Amino acid sequence: MNNIRILLAEDDLNLGILLKNYLTAKNYDTTLARTGTQALNEFSTGPFNLCIFDIMMPEMDGLTLAKEIRLSNHEIPIIFLTARNQQEDIIEGFISGADDYITKPFSMEELLYRIEAILRRSGSSSVILREGPYSIGSFLFDPLKQMLSHKGKAIKLTTKESELLDLLYRHHNEILERNYALKTIWIDDNYFNARSMDVYISRLRKYLSKDLSLKILNIHGKGYKLIC
């Protein structure tokens, strides 16, 4: 786990378990509550780094739950999940203390991007600067110092190279979505940033070529995959 704890409140058991399993697979320590009351009780056992609340829940709805949490914690990020998308509901959500709002149905990738974007803004994210050093094949990588070492020889990476390598490793042996990587590191997925990322991918391939077991594959129309 990356020590980021998420409190998820969702009364739809199937969706709740799906979200919990997905976030857990992405290395987020996720606690699932089925009602607003249960979520409030779980929150008191904290600490948590982020909350995801469905608006329509039994016993206590997500809006009320957010207001209760804001009485004791003004800073924790809150994302609302809802099937409603009327403007007044969105406004009420933000008044209740929401940091973001996502309307069902949504993709898991979109939710993950929103989570990590909020955590980066709040300074809680470990998406980019993970504790290290750690091994990537026969390499030793320290993302905090931006150093990539191989058999006693070290390369000083740029900030973007370090961020991209760290993100690739977090998704190693699975597809790292291109737009997700752009929005996570460059914030904007415009053409110029996309071309810049291609250059950094080429550089990382060159660095890692000393270990033949490591490969960064282009997955056509989707993104990249670090094989290790």
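Annotations for the structure displayed:
- Residue within segment 217-225 that is surrounded by 14 or more Cβ atoms within 10 Å (Cβ to Cβ), polar (S, T, N, Q) and either on the phi < 0 side of the Ramachandran plot or modelled with pLDDT of 90 or more (or both) present: no
- For segment 175-188, the condition of being surrounded by fewer than 13 Cβ atoms within 10 Å (Cβ to Cβ), modelled with pLDDT of 90 or more and not aromatic (Phe, Trp, Tyr) holds for none of the residues.
- The helices (runs of 4 or more DSSP H) found wholly in segment 1-118 and carrying at least 2 residues that are small (Gly, Ala, Ser) and modelled with pLDDT of 80 or more occupy 13-25, 36-45, 62-72.
- Against the conditions (1) out of contact with any Gly (no Cβ under 6 Å at 6 or more places or on another chain); (2) outside any helix (DSSP H, G or I); (3) under 27 Å from Arg114 (Cβ atoms), Leu176 satisfies every one except (1).
- Complete set of residues in segment 193-228 that are more than 16 Å from Ile175 (Cα to Cα) and in contact with a Phe, Trp or Tyr (Cβ under 9 Å, 6 or more places away or on another chain): Asn193, Ala194, Ser196, Tyr207, Leu208, Lys210, Asp211
- Segment 143-156, subset within 21 Å of Val199 (Cα to Cα) and within 23 Å of the chain's Cα centre (by Cα), residue surrounded by the fewest Cβ atoms within 10 Å (Cβ to Cβ): Gln146
- Meets criteria (of a type in the set (S, T, N, Q), over 27 Å from Ile118 (Cα atoms) and either in contact with a helix residue (DSSP H, G or I) (Cβ under 7 Å, 6 or more places away or on another chain) or not in a helix (DSSP H, G or I) (or both)) for Ser213: yes
- With respect to the stated conditions, Leu164 fails to be surrounded by fewer than 19 Cβ atoms within 10 Å (Cβ to Cβ) and on the phi < 0 side of the Ramachandran plot.
- Members of segment 2-26 found to be under 18 Å from Lys104 (Cβ atoms) and not aliphatic (A, V, I, L, M), listed by number: Glu10, Asp11, Asp12, Asn14, Gly16, Lys20, Asn21, Tyr22
- Residues of segment 24-47 that are touching a residue at least 60 places away in the same chain (Cβ under 8 Å) and on the phi < 0 side of the Ramachandran plot: Lys26, Tyr28.
- Residue in segment 180-198 that is in contact with a Pro (Cβ under 6 Å, 6 or more places away or on another chain) and closer than 24 Å to Ile4 by Cβ present: no
The values are calculated or read from the model by the stated rules, or taken from the named source; none is laboratory data. Predicted, not measured: the structure shown is a model, and the values here were computed from it. Positions of Cβ are backbone-derived with ideal geometry, glycine not excepted, and every protein chain shown enters the neighbour counts.
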